[in-house]
Amino acid sequence: MRINEDTLLEGEKVVLVPYNADHVPRYHQWMCSPELQKLTASEPLTLEQEYDMQRSWREDDDKCTFIILDKQKWADPSIPEQECMVGDVNIFLTDPSDASLAELEIMIAVPCYRGKGLGKEVTRMMMCYGVHKLGVQKFEVKIGLDNKISIAMFKNFHFRELSISEVFREVTLGVTMNEALQKHVFGNMDFMLQREYGKARDIRQAPFTQLSL
């Protein structure tokens, strides 16, 4: 989506930035992993195909994608942004006749970042963004039946089981937002800041100048 092409969302542990071409090599490296291919039900792509996919995600009106960065690393300008990448999060508008329905997909690609609460924070941030910026009211997620941790996390956000596919070994969970549920799920969102990505990136990349005394 073009709507988030200059949007940066900053949380307590993560920074979410638009998926751009600079991120593709690292992302492609992740997706060469058979484990991630299985977890995301993805087919391996060539690097050229991955660049095509990135352009599609940027241009298509039914896909909203952010790259998840380690906030602590990103705060250090000496670390290239690509080395701060830990995963991605997507909202897909799956029904052309119902713009309030979306599928949510979160991937923490770097194993050492799993189990540290990043998925929970990213879920809150992306659902909040989906509701307030995209008009989404109904969220669905598809999760492998063996991924008990993710299933439990989404159930804590009041997602309920909609269907199970034994063929694909996955469960579909869903939730419909209302005012009371938004307060429960989002709580105090003061921790999340929205900034212009381009300006934040330029400041981060600006060369250091030595202070003259």
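Structure data summary
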| read-out | value |
| --- | --- |
| Flag for LEU45 being assigned to a loop (DSSP other than H, G, I, E, B) and either of a type in the set (Phe, Trp, Tyr) or in contact with a helix residue (DSSP H, G or I) (Cβ under 9 Å, 6 or more places away or on another chain) (or both) | yes |
| Residues satisfying the stated conditions in region 120-176, i.e. free of Cβ contacts under 8 Å to residues at least 60 places away in the same chain, of a type outside the set (Ser, Thr, Tyr) and under 22 Å from LEU193 (Cβ atoms) | LYS120, MET127, VAL131, HIS132, GLY135, VAL136, PHE157 |
| Filtered residues of region 161-189 (kept if in contact with a helix residue (DSSP H, G or I) (Cβ under 7 Å, 6 or more places away or on another chain) and part of a loop (DSSP other than H, G, I, E, B)) | MET177 |
| Test for GLN37: is it free of Cβ contacts under 8 Å to residues at least 12 places away in the same chain, open to solvent by less than 40 Å² (accessible area, probe 1.4 Å) and part of a helix (DSSP H, G or I) | yes |
| Residues located in region 127-140, provided they are of a type outside the set (Lys, Arg), over 16 Å from LYS155 (Cα atoms) and part of a helix (DSSP H, G or I) | CYS128, TYR129, GLY130, VAL131, HIS132, LEU134 |
| In region 108-121, the residues that are surrounded by 20 or more Cβ atoms within 10 Å (Cβ to Cβ) and either touching a Ser or Thr at 6+ places or on another chain (Cβ under 9 Å) or hydroxyl-bearing (Ser, Thr, Tyr) (or both) | ALA109, GLY119 |
| Residues satisfying the stated conditions in region 40-59, i.e. open to solvent by 50 Å² or more (accessible area, probe 1.4 Å) and charged (D, E, K, R) | GLU43, GLU48, ASP52, ARG55, GLU59 |
| Test result for GLU179, under 16 Å from LEU104 (Cα atoms) and open to solvent by 100 Å² or more (accessible area, probe 1.4 Å) | no |
| Pairs, first acidic (Asp, Glu) in region 2-15, second assigned to a loop (DSSP other than H, G, I, E, B), C-beta under 8 Å, six or more apart | GLU10/MET192 |
| Search result, residues across region 9-34 that are assigned to a strand (DSSP E or B) and closer than 24 Å to ILE149 by Cα | VAL14, VAL15, LEU16 |
| Hits in region 73-97 (condition: more than 17 Å from the chain's Cα centre (by Cα) and either free of Cβ contacts under 8 Å to residues at least 40 places away in the same chain or within 12 Å of LEU16 (Cα to Cα) (or both)) | LYS73, ALA75, ASP76, SER78, ILE79, PRO80, ASP95, PRO96, SER97 |
| Candidates LEU69, LEU8, LEU118 - the one that is at negative phi, modelled with pLDDT of 95 or more and in contact with a Cys (Cβ under 8 Å, 6 or more places away or on another chain) | LEU69 |
| Extreme residue, farthest from LYS120 (Cα to Cα), among residues of region 62-105 that are open to solvent by less than 30 Å² (accessible area, probe 1.4 Å) and of a type in the set (D, E, K, R) | GLU81 |
| Condition broken by ARG124, with the remaining ones in (1) more than 15 Å from the chain's Cα centre (by Cα); (2) open to solvent by 40 Å² or more (accessible area, probe 1.4 Å); (3) not small (Gly, Ala, Ser) satisfied | (1) |
| Hey, THR176 among the polar types (S, T, N, Q) and touching a Leu at 6+ places or on another chain (Cβ under 6 Å) or not | no |
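The values are calculated or read from the model by the stated rules, or taken from the named source; none is laboratory data. Model, not experiment: these values are computed from the prediction. Here Cβ is always computed from backbone atoms with ideal geometry, including for glycine, and neighbour counts include all displayed protein chains. When the accessible area is computed, the model is the full protein with side chains, heavy atoms only, and any ligands, DNA or RNA have been set aside. Shrake-Rupley method; radii C 1.70, N 1.55, O 1.52, S 1.80 Å.
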